[in-house]
Structures are given as structure tokens and as C-alpha cells.
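Read through the structure below, which is laid out as C-alpha cells, and then see the notes.
The values are calculated or read from the model by the stated rules, or taken from the named source; none is laboratory data. Everything numeric here is computed off the predicted structure, so don't read it as measured data. Counting neighbours? That spans all protein chains shown, and the Cβs are built from the backbone with ideal geometry, glycine included.
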Amino acid sequence: MSTQDRYINPLCQRYAGEEMQHIFSPDYKFSTWRKLWIALAESEKELGIHITDEQIDEMKAHIYDIDYEKAADYESRLRHDVMAHVYTFGEACPKARPVIHLGATSCYVGDNTDIIVMREALQLVKKSLVNAIAAVAAFAEKHKDLPTLAFTHFQAAQPTTVGKRACLWAQDLLIDLEHIDFVIGSLKFAGCKGTTGTGASFLSLFNGDAAKVVELEKRIAAKMGFDASMPVSGQTYTRKIDYIILSALSNIAQSACKFAGDIRLLSHMKEFDEPFEAKQIGSSAMAYKRNPMRSERIASLSRFVIADTLNPALTAATQWLERTLDDSAGRRISLPEAFLAINGILSLYINVISGGTVYPNVINRHLNEELPFMATENIMMYCVEQGKDRQEIHEAIRELSVAVAKETKLNGGANNLCELILNDPRFGLSKEELDNIIHVKNFIGIAPQQTETFLAEYVRPVLEENASLLGLEVEIHV
């Protein structure tokens, strides 16, 4: 049957990579459910419940051969996704069927799988983020000495360097990485505490032995790769965890959107071009155009992630007592889609910063259009040092600056302020003196050194610590 007659999620079709899509796939989810049921059975057996090795081995043999049609049929009748898969697994494992899901509630597999899946997805996000930092660092290193006009309020301000500006992007990403690392390091197993989080069903299973109830959870957590479980819960883990995770993704989206906005402005000024393939079309009507469509896509997807973060915040705020089910449908959408979007965003980020083109001649032209105005204070101070009257020089600069500004704005004339100053006897400057005063390196401060220091002391240690994650190759689908 054709798939073109129904909605297909564009996050999968156009933006996210295959690895991230797999992490949120049915195969990954339901095989994890089965692994959790095996860990439960193994731990219960170890603590004295009569479960045989044969039953456990049978379960292990059927982790991945999931009959989705059978599960869908069960769910259509039972209206319960977990029990549909319990029955489906039980048919594949007839000997183990009596002990599958023994003592557990649905959230045992549902919530623990969500934590496992998101932890795995966070690791992939971290890998992309580290590679984005490396790409920005390489860009900053390459252009650390290239002076450029800096802007405040998008009005010309003191110059900086292209590399120093890139350090602002890299610093944001480093902060995002710190947050991601914190979230990954703080994630705990949801646990195995039963229907309302009291462990009552397991206490009954172990004939009142509370120590075994506690030990059961520790053993399952260890088998699933966690050092600890959440200390208390209702039926579900606190939905604040979802918000904490998505807020870390929102941080990345904010940084990426800021970067993309800067690139879009620079593209307008013709100082930077995104990667542009030989046959790529910028506009269906205006064939000459090279729109910054990848940066625009970063901005668009970033807004989606930032807005999506509101969903788990509202969910966490409106859970009733030990749990309600109004979280389920929203979480099925908001959590995976945030990760899928971030995966696409970071791939685009790496592609743009690694494959874009900087145009130094255009940058220099823009700089020279504004630099004479910026140099006027330096010119005045130099002239005073040479014995000129400060007030007289100030008035001369004011007269000439106003005239030049009027000419450039009204008639589109060139900024010839330096030429006028050079020819004005009130200043008494030689061309060599004036050139030395207005040399751009007098106006970029310590931007090149700041770039070097930042890369050496902050970026490279992080990249060395995460060297095993470097070398990611990204693919842009559209």
C-alpha cells in the first residue's frame, strides 16, 4: 500500500538521521520492554521466586522477533498496549508466559524504557554537539585574525575578528554540553515500585520480605546499566525529569537559533555563504538568489523545540496524586520529536559552519565604510599630542563627519572622511600618519589573543576529553 496517501512525519522524512530515528523506533522500544521483563524474571529468580533457567532462556531467544501484527490485534481488543505485548511475548514464549511481567505494573516497562531510550538519545545528541563545537573551533582558529565590523543593535560598533565572533557561538555550545553531561550523569532508573510506588505487589510476592523488595529494584537497575533508581515514585517517575531533559535540548536549540540568525544576517551582507551545491536552486522565481535556507531551517526547527519544551512542563505541573494518564499521548509525541528535531538542527549546524564560505574582501569593504568614523577619537587624540587645540580639532571633525554622513545617506556617496581630514590644514596630518592611526588592528583590541586563549583553555580540553566522539559525518537530506 502506498504511503503517499497519509501524513508522514517530516522530522523522519527530511531532517533527523537514521540513528536517532532507530532509537525511537518500535523495534528499540519493544525489545527494551522484553529486556526489562527478562531482567525482572532473572532478579526474581535470584531472590527465590520459582522461575526456571529454561523460561529465562526462552525469553532471551525472543527479544527481537516481535510480531507487530499480533500485538496490534491484541491492542485493538484489549485497549492496552502493555498487555498486548505481554500476550504477544507470551505466545512466543509459552514456557515463560506464566512469569512474564510478574508483579509489575505497566509503567515498569513504559517508564523505564523511556528513561533508557532518552539516555541513549542524549548520548547521540552529545556526540553531535561535540562535533559542532569542534567545527566552530576550527572556524574560529582559521579566522581568528580576520578583522570584521562588529555590531550592537545591528548598528556598526567597534570591530572584532571573525574568529572572536565564532567564539561566542562556541561558548554557547559549551554551556549546552555542560547541561547535557549533567542530565546524562544524573539520570536514574525509574525503578520497580509497583502500582502506586509502594512496592506492595512485590512485598506480597516475597512473602513480606521488605529487604528483597529493595534488592529486587537494585538488581534490575544494575542489569539495565544504572547505578541507582529514583528513590520514590508514584506509579510513574516524576514528569519533571522529562522537562529537565527537554530543557537541555531547548538550550541547544536556543544556541543554534542564535547562530543561524547571525549567519542569515551575514549572508544578507554577502560576508558569508552557506554550502551551495552546483545544481541547487535558491528561488523558483529569482534564479540568482542564494538564500540561507539551511540556517532558516535551523531557526524553524529550533523554535519548534523551544515551544515543545512547554509540553513536559505543563505535564509535570498537572499530574494528579500518584498518576494520571493525561501524560501518555503527549509524551509519545513531544519527547521523540524534540530529539529528532535537535538531531536535524545539529547536523545542519555542522554542515553550515564546516562548509560555508567567508568573503574577506567584502568584510574589509564594510569595515572600511565605517572605520573612518570610529577612528575620529583616535585622530583627535593624536593631533592634540602634536600640539593642536582639542576643541578646534573636535569642531573640525564634527563638521566633516556631518557632511560625509549626509552625503553617504542622501546621495549614496562613498565615505571620504579620511581624504577630507588629510586635505584639511587644521589637522596637519601626513598620509602615513593617518594610515597608522586608522589601521584596523588598532581597533580590534585583543580579539585574536582572546580567541587563542578561549580555544586553548576552554574548547580544546573538552574536545580532548571527548575525542572518541569526534569524526561524525553528517548528511543533509534536503
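Quick test of your reading of the structure: E91 fulfils all but one of (1) exposed (fewer than 15 other Cβ atoms within 10 Å of the Cβ); (2) touching a Leu at 6+ places or on another chain (Cβ under 7 Å). Name the failing condition by number.
Tallying (1) exposed (fewer than 15 other Cβ atoms within 10 Å of the Cβ); (2) touching a Leu at 6+ places or on another chain (Cβ under 7 Å), E91 fails exactly one: (2).
Scan segment 454-478 residue by residue and report those that are part of a loop (DSSP other than H, G, I, E, B) and touching a residue at least 24 places away in the same chain (Cβ under 8 Å).
Of everything in segment 454-478, those that are part of a loop (DSSP other than H, G, I, E, B) and touching a residue at least 24 places away in the same chain (Cβ under 8 Å) turn out to be N466, L470, G471, L472, V474, E475, I476, H477, V478.
Among the residues of segment 85-127, which ones are of a type in the set (S, T, N, Q) and out of contact with any Ser or Thr (no Cβ under 7 Å at 6 or more places or on another chain)? Full working, then the answer.
Taking segment 85-127 as the starting set, the residues that turn out to be of a type in the set (S, T, N, Q) are 88, 105-106, 112-113, 123.
The answer is T88, S106, N112, Q123.
Of the residues in segment 54-75, how many are farther than 25 Å from A210 by Cα and either among the small types (G, A, S) or not in a loop (DSSP other than H, G, I, E, B) (or both)? Spell out how you get there, then give the answer.
Here is the first cut: in segment 54-75, the residues farther than 25 Å from A210 by Cα are 54-55, 57-75.
So of that shortlist, the ones also either among the small types (G, A, S) or not in a loop (DSSP other than H, G, I, E, B) (or both) come out as 54-55, 57-61, 68-75.
Number satisfying all stated conditions: 15.
Which is small (G, A, S), at negative phi and free of Cβ contacts under 8 Å to residues at least 12 places away in the same chain, of A228, A222, A248? Write out each step before concluding.
Numbers: A228 fails: free of Cβ contacts under 8 Å to residues at least 12 places away in the same chain; A248 fails: free of Cβ contacts under 8 Å to residues at least 12 places away in the same chain.
Exactly one residue qualifies, and that residue is A222.
Condition check ((1) modelled with pLDDT of 90 or more; (2) surrounded by fewer than 19 Cβ atoms within 10 Å (Cβ to Cβ); (3) at positive phi) across all residues:
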residue	(1), (2), (3)
G344	yes, no, no
V352	yes, no, no
V362	yes, yes, no
L371	no, no, no
I379	yes, no, no
E392	yes, yes, no
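Would you be able to say whether some residue in segment 417-426 is on the phi > 0 side of the Ramachandran plot, surrounded by fewer than 15 Cβ atoms within 10 Å (Cβ to Cβ) and not assigned by TED's automatic domain parsing to the domain that holds D145?
Of all residues in segment 417-426, those on the phi > 0 side of the Ramachandran plot come to none.
No, segment 417-426 contains no residue that is on the phi > 0 side of the Ramachandran plot, surrounded by fewer than 15 Cβ atoms within 10 Å (Cβ to Cβ) and not assigned by TED's automatic domain parsing to the domain that holds D145.
Hey, could you check segment 94-113 for residues that are touching a residue at least 12 places away in the same chain (Cβ under 8 Å) and among the charged types (D, E, K, R) and say which is surrounded by the fewest Cβ atoms within 10 Å (Cβ to Cβ)?
If we take residues in segment 94-113 being touching a residue at least 12 places away in the same chain (Cβ under 8 Å) and among the charged types (D, E, K, R), then K95 is surrounded by the fewest Cβ atoms within 10 Å (Cβ to Cβ).
So that you can scan it fast, the table gives a plain yes or no per residue for (1) without any contact (Cβ under 8 Å) to a residue 60 or more places away in the chain; (2) charged (D, E, K, R):
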site	(1), (2)
I115	no, no
M118	no, no
K126	no, yes
N131	no, no
V136	no, no
K142	yes, yes
H153	yes, no
L174	no, no
L187	no, no
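Residue under question is Y28, and the condition is that it be among the aromatic types (F, W, Y) and either modelled with pLDDT under 95 or buried (at least 18 other Cβ atoms within 10 Å of the Cβ) (or both); does it hold?
The answer is no for Y28.
Can you tell me which residue within segment 150-190, out of those that are closer than 26 Å to R460 by Cβ and among the charged types (D, E, K, R), is surrounded by the most Cβ atoms within 10 Å (Cβ to Cβ)?
K164
Check G197, G163, G191 and return the single one that is closer than 30 Å to L266 by Cα, touching a residue at least 24 places away in the same chain (Cβ under 8 Å) and not polar (S, T, N, Q).
Details: G197 fails: closer than 30 Å to L266 by Cα; G191 fails: closer than 30 Å to L266 by Cα.
None of the others qualify; the one that does is G163.
If I filter segment 76-89 down to residues being assigned to a helix (DSSP H, G or I) and farther than 19 Å from Y28 by Cβ, which single residue comes out as modelled with the lowest pLDDT?
So in segment 76-89, the residues assigned to a helix (DSSP H, G or I) come out as 76-78, 81-89.
If we keep only those that are farther than 19 Å from Y28 by Cβ too, we end up with 76-78, 83, 87.
Numbers: S76: 95, R77: 95, L78: 92, M83: 95, Y87: 96.
Taking the candidates together, the pick is L78.
Determine whether A221 is of a type in the set (G, A, S), assigned by TED's automatic domain parsing to the domain that holds S295 and crowded, with 20+ Cβ neighbours inside 10 Å. Outline the logic, then answer.
Working: of a type in the set (G, A, S): yes; assigned by TED's automatic domain parsing to the domain that holds S295: yes; crowded, with 20+ Cβ neighbours inside 10 Å: yes.
Yes.
Every residue, every condition in (1) part of a helix (DSSP H, G or I); (2) without any contact (Cβ under 8 Å) to a residue 24 or more places away in the chain; (3) buried (at least 22 other Cβ atoms within 10 Å of the Cβ), yes or no:
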{"site": "L321", "(1), (2), (3)": "no, no, no"}
{"site": "I333", "(1), (2), (3)": "yes, yes, no"}
{"site": "F339", "(1), (2), (3)": "yes, no, yes"}
{"site": "R365", "(1), (2), (3)": "yes, yes, no"}
